[in-house]
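What follows is one structure encoded as structure tokens, with my remarks underneath.
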Amino acid sequence: TIHTETTIGIVDIGSNWAEFAIITIAPSGNLSVQARTALSEHGRTALDDRLVEWTLKQVESDHDISLECTDAARDRLRDAVHHAVNQVDPDGELTGSIDIELDDGVTLTEGGLFGNDTIQIQEEFDIETCVQALRPMLEEIQQTASSMLDDLSDTDVDDLVLAGDGTRLAPVLI
């Protein structure tokens, strides 16, 4: 039960969108939307896609190779990255990892050992790696939320609600 008017900030980073809202809840239960905005292509799928691209570039740079991936291979990498990020602890104590193998859909196009089609690489993820890889997107999400709050400078937010699968990395935003 709410006894006084309460203002809540909502950050919902779903599969495809990042949405932000400021709502006020009156003791009577009436809701009032103070502000709302969204960013397309900033949901968990886009964050995972960005991590896949960043990871491939890191692997290519670290091993002086070039890789080419089919769409199906990128889908498998996205799933692996998604799982690895879910293992990451925002406090930095737990990490996740993925294995990248030359297999159906991942081809070594330059570098490496001649005739070697069994290269296997493990890439580690911790919170710092995720933030580094996602920094441009996370900053845009943060700027959008901050801008909305700036527009409501006379409104104090009492609580913040994080929703959606993409908020796994939200502690670095707040």
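The values are calculated or read from the model by the stated rules, or taken from the named source; none is laboratory data. What you are looking at is a predicted structure, and each value in this text was computed from that prediction instead of being measured. When we count neighbours, we look across all protein chains shown, and the Cβ atoms used for this are built from the backbone with ideal geometry, even at glycine. Accessible surface areas use protein heavy atoms only, side chains included; no ligands, DNA or RNA. Shrake-Rupley method; radii C 1.70, N 1.55, O 1.52, S 1.80 Å.
Set side by side, the residues Glu124, Glu128 differ, and just one is at pLDDT 75 or above, within 18 Å of the chain's Cα centre (by Cα), farther than 30 Å from Thr37 by Cβ and among the charged types (D, E, K, R), which is Glu124. If you take the residues of region 12-61 that are acidic (Asp, Glu) and outside any strand (DSSP E or B), which of them is most open to solvent (accessible area, probe 1.4 Å)? Only one residue fits best here, namely Glu41. Suppose the filter is open to solvent by 20 Å² or more (accessible area, probe 1.4 Å), within 22 Å of Gly164 (Cα to Cα), hydrophobic (A, V, I, L, M, F, W, C) and in contact (Cβ under 8 Å) with a residue 12 or more places away in the chain; does Ile2 pass it? Answer is no for this residue.
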